[in-house]
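Comments concern the structure below.
The values are calculated or read from the model by the stated rules, or taken from the named source; none is laboratory data. It should be emphasised that the depicted structure is a prediction, and the values quoted were computed from it without experimental measurement. In this analysis, Cβ positions are derived from the backbone assuming ideal geometry, glycine residues included, and neighbour counts consider all displayed protein chains. Side chains included, ligands, DNA and RNA excluded: accessible areas come from the protein's heavy atoms. Shrake-Rupley method; radii C 1.70, N 1.55, O 1.52, S 1.80 Å.
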Amino acid sequence: MSQAILREIIDYAHRADPYPLYEELRKTPVSHEGDGPYVISTYYEIQSLLHDPRISSDARNLKRTGDDPLGQGAEEETALPPSFLRLDPPDHDRLRRMTNRPFGPPHSPHKVHDMLGELDGIVTGLIDRIAATGSFGHVDLVDQFAYPFPVSVICRLLGVPPEDEPRFHVWAEAIAASLDPDPDADPSERGKNSADARMELGMYLAGLIEERRRNPGDDMLSQLANADGPDGSMTTMEALSTSALLLIAGHETTVNLITNGMLTLLRHPDVLARLREDPALSVPIVEELLRFEPPVQLIPHRTTLADIEVAGVSIPKGASLWLILASGNRDPKRFPDPDRFDPDREDIQHLGLGSGIHSCFGAPLARQEAQLALSELARRLENPRLLQDPPPYRQNAVLRGPRHLPIACDGVRP
């Protein structure tokens, strides 16, 4: 695979329509040239590798080539230890189990469901704020809705005091900017802003963790800071890296899921009309969106722990793998008529939330956020319509979604 094709993958992954490129990639399920990564683009091969114990998420197992084609190296530098997203068993399993105890089954089976009322309140407040502006001729659904919603949710989940939520919005925006490079911006200034935001976030969380150890509450951060179960307890640094993961990874993916979802619905007004009349339709709509327009386009930096063979190609130990999830989701060998958005599709075993031991930790919450957001936007916005199609997209090759989604509507229903 030439460096030109590699650059094309990076450039097109965040554009309005990367899917013709992915169709070309699938003609060669495993692409590779020189010392570049092995790019996997077909559904069954990606699915198999996501469950293969010979594939590592720990960057320390990668044979470095000195090239960082995604430009992520500097932005990921941090004093925190790797989150469990970037670890292998047994360290991954221990930290993920400990994080899951206050978040989901079997220890907290109703956690996400019990947040529904709180989520509904945040969504209602954001839409009410749009109504209060009276500026129905131009509404940016990213800045005014999809961006602030997940930050507020994660703050409530962690137990951040309401008066500190605005600070989290500022930090999240600065960190997101580092993941979404602006070609017209000064990269050194952007890097400094991101580093400053990460440092301030880390210091704030460290203080909050210590305060929760002295005065625990019923929030997730208190439970992480004071956990002492079969897996022991988290160190302060482990609690910090886990909290930062929940904020950054959970926020950016949910923003893109909601924004991609509204864009797709506005392009399919018949489905939008059905959702307005039947909010329960949001469940299959979100599943089809995770296949059709996944917020995570590709998983880079997986590494082989042994020599393996994929689709007849021998891949050596220590090689870098890029798994193109969005391409696998449009593989016609797995999904009939894959380029058609069809919420009535009966078999949607998509890759939009990953699979295997590293499947999206926050998937239940992300699904509930997107279902509620899309159903309420469909119900309350009167005659919504796109002002720009395609809208401007973020520059991030991994996390794909519009940077802005300008729409107009005739009003907002109560």
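A few points about this structure:
- Filter pass, Ala319 being open to solvent by less than 20 Å² (accessible area, probe 1.4 Å), modelled with pLDDT under 95 and either among the basic types (Lys, Arg) or over 27 Å from Asn100 (Cα atoms) (or both): yes
- Residue in the stretch 253-266 that is open to solvent by 40 Å² or more (accessible area, probe 1.4 Å) and touching a residue at least 40 places away in the same chain (Cβ under 8 Å) present: no
- Per the listing Leu257, Leu245, the residue uniquely over 20 Å from Pro390 (Cβ atoms) and either part of a helix (DSSP H, G or I) or among the acidic types (Asp, Glu) (or both) is Leu245.
- Residue in the stretch 100-119 that is open to solvent by 70 Å² or more (accessible area, probe 1.4 Å), under 21 Å from Leu266 (Cβ atoms) and at pLDDT 90 or above present: no
- Of the residues Ala239, Ala244, Ala326, the single one that is surrounded by 19 or more Cβ atoms within 10 Å (Cβ to Cβ), without any contact (Cβ under 8 Å) to a residue 60 or more places away in the chain and within 23 Å of the chain's Cα centre (by Cα) is Ala239.
- Filter result for the condition that a residue is modelled with pLDDT of 95 or more, assigned to a loop (DSSP other than H, G, I, E, B) and surrounded by 22 or more Cβ atoms within 10 Å (Cβ to Cβ), over Pro343, Pro332, Pro336, Pro294: Pro294
- Qualifying position, being at pLDDT 95 or above and closer than 30 Å to Val142 by Cβ, among Leu305, Leu325: Leu325
- Residue that is nearest to Pro402 (Cα to Cα), among those in the stretch 1-56 that are among the small types (Gly, Ala, Ser) and at pLDDT below 95: Ala16
- When each of Arg400, Arg367, Arg385 is tested for being modelled with pLDDT under 95 and either touching a Phe, Trp or Tyr at 6+ places or on another chain (Cβ under 8 Å) or open to solvent by 30 Å² or more (accessible area, probe 1.4 Å) (or both), the lone residue that passes is Arg400.
- Among the residues listed as Ile315, Ile285, the single one being in contact with a strand residue (DSSP E or B) (Cβ under 7 Å, 6 or more places away or on another chain) and either in contact (Cβ under 8 Å) with a residue 40 or more places away in the chain or farther than 28 Å from His32 by Cβ (or both): Ile315
- Neighbours by Cβ (under 8 Å, 6+ apart or cross-chain): first from the stretch 207-219, in contact (Cβ under 8 Å) with a residue 40 or more places away in the chain; second surrounded by 12 or more Cβ atoms within 10 Å (Cβ to Cβ) and acidic (Asp, Glu): Arg212/Asp219
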